[in-house]
Amino acid sequence: MEDRVGDVVESETAAVPNLPTESFGVLSVFYPMWNEEEYIERALDYGRRACDALVERGDITDYELIVIDDASDDDTGAIADRIAAEDPRVRVIHHSVNRKLGGSMRSGFAAARGDVVLYTDADLPFDMAELPRIVRLMRDYDADIVSAYRFDRTGEGALRAVYTFVYNALVKAVFGVRLRDINFACKLVRRRVLDAVALRSEGSFIDAELMIRAKRSGFEVVQMGVAYFPRTRGVSTLSSPGVIVTILREMWTLRRDLVGVRPLAGARSDGGTGDR
């Protein structure tokens, strides 16, 4: 186990207590989606089952599932609207123009009404049955963010694994933030972080921006490993040259702002890298 700011929980079989000592109130789960007609129903079904289990356990009192339809040109938006009409816990936010991952995440965090907010992808990159463990870690470590990383990334190909290694190293070198798999789409965030942090990225740098601002502001981050399930339908564009260029451009544009972030008054952490 590493230090509390950036703790890394390695075990895949960590025990989950049967009786939670704290309820987090409402959990918001949001999914950025662009042309995900093949995944949307399964994603919402898995999310609903996982959240129902949390309600039954007393970990949360209620939940909402939010679809961010990023101007899809397939049936994603129509399917989302149909499901929302049938289930009051499902909400849909439609973008009139495509705003990419950053714009979708900003819309999701802004729309979320929960006390804690989970962001993940429609292609279900991790098992939603992990949610009780994620919630337990937030509660037991009094963490502000639980950020997952992949135990095994070989399923997505060697090139993307190299991209991720270089990217994480670059974020650490430029911003002094040490985290594994910083762009992985599984982050549970407390409301107090979202109330204090203003995100600006429109592209895929948004994940790193969130973590950099949170850690440098003094919020507590715990990391945990999860089994990774690579996409089997549709096409991922996250490692395309255009996306990589946008990430680097936003990193360069925001670097001075992010390096200048200082711990908030009363912060529990000094905003450092997490190294002892």
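Given 146, 177, 189, which one is modelled with pLDDT under 95, buried (at least 23 other Cβ atoms within 10 Å of the Cβ) and outside any helix (DSSP H, G or I)?
Unique residue meeting the criteria: 177.
Do we have residue 118 as out of contact with any helix residue (DSSP H, G or I) (no Cβ under 7 Å at 6 or more places or on another chain) and in contact (Cβ under 8 Å) with a residue 40 or more places away in the chain here?
Against the criterion (out of contact with any helix residue (DSSP H, G or I) (no Cβ under 7 Å at 6 or more places or on another chain) and in contact (Cβ under 8 Å) with a residue 40 or more places away in the chain), residue 118 qualifies.
If a residue has to be β-branched (Val, Ile, Thr) and in contact with a Ser or Thr (Cβ under 8 Å, 6 or more places away or on another chain) to count, how many in region 68-92 make the cut?
So the count comes out to 1.
Kindly indicate whether any position in region 112-132 is among the acidic types (Asp, Glu) and either in a helix (DSSP H, G or I) or under 24 Å from residue 253 (Cβ atoms) (or both).
Yes, that holds for at least one residue.
If I filter region 1-60 down to residues being at pLDDT below 95, of a type in the set (Val, Ile, Thr) and assigned to a loop (DSSP other than H, G, I, E, B), which single residue comes out as nearest to the chain's Cα centre (by Cα)?
The residue in question is 5.
Going by the structure shown, is residue 197 surrounded by 15 or more Cβ atoms within 10 Å (Cβ to Cβ), touching a strand residue (DSSP E or B) at 6+ places or on another chain (Cβ under 8 Å) and of a type in the set (Val, Ile, Thr)?
The answer is no for residue 197.
Table: residues versus (1) farther than 22 Å from residue 183 by Cα; (2) among the β-branched types (Val, Ile, Thr).
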residue: 57; (1), (2): yes, no
residue: 67; (1), (2): no, yes
residue: 108; (1), (2): no, no
residue: 127; (1), (2): no, no
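Listed here are the residues, each with its yes/no results for (1) part of a helix (DSSP H, G or I); (2) within 17 Å of the chain's Cα centre (by Cα); (3) surrounded by fewer than 21 Cβ atoms within 10 Å (Cβ to Cβ).
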site	(1), (2), (3)
67	no, yes, no
74	no, no, yes
81	yes, no, yes
88	no, no, yes
104	yes, yes, no
152	no, no, yes
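If we scan region 88-101, do we find a residue that is of a type outside the set (A, V, I, L, M, F, W, C), modelled with pLDDT of 95 or more and farther than 25 Å from residue 202 by Cβ?
The answer is yes; a qualifying residue exists.
Filter region 62-107 down to the residues that are out of contact with any helix residue (DSSP H, G or I) (no Cβ under 7 Å at 6 or more places or on another chain) and polar (S, T, N, Q) and list them by number.
Within region 62-107, 72, 96, 98, 104, 107 meet the criteria.
Any idea which residue in region 200-227 is surrounded by the fewest Cβ atoms within 10 Å (Cβ to Cβ), counting only those that are over 13 Å from the mean Cα position of the chain (by Cα), of a type in the set (D, E, K, R) and assigned to a helix (DSSP H, G or I)?
This residue is 213.
Can you go through 29, 67 and tell me which one is closer than 17 Å to residue 185 by Cβ and without any contact (Cβ under 8 Å) to a residue 60 or more places away in the chain?
Only one candidate passes the filter, namely 67.
Would you tally the residues in region 202-231 being at pLDDT 95 or above and among the small types (Gly, Ala, Ser)?
5
Yes/no matrix, rows are residues, columns are (1) among the hydroxyl-bearing types (Ser, Thr, Tyr); (2) more than 25 Å from residue 151 (Cβ to Cβ); (3) modelled with pLDDT under 80:
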{"residue": "233", "(1), (2), (3)": "no, no, yes"}
{"residue": "246", "(1), (2), (3)": "yes, yes, no"}
{"residue": "253", "(1), (2), (3)": "yes, yes, no"}
{"residue": "257", "(1), (2), (3)": "no, yes, no"}
{"residue": "260", "(1), (2), (3)": "no, yes, no"}
{"residue": "266", "(1), (2), (3)": "no, yes, yes"}
{"residue": "271", "(1), (2), (3)": "no, yes, yes"}
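The values are calculated or read from the model by the stated rules, or taken from the named source; none is laboratory data. None of these values were measured; they are calculated from a predicted model. Positions of Cβ are generated from backbone atoms using ideal geometry, with glycine treated the same way; all protein chains shown enter the neighbour counts.
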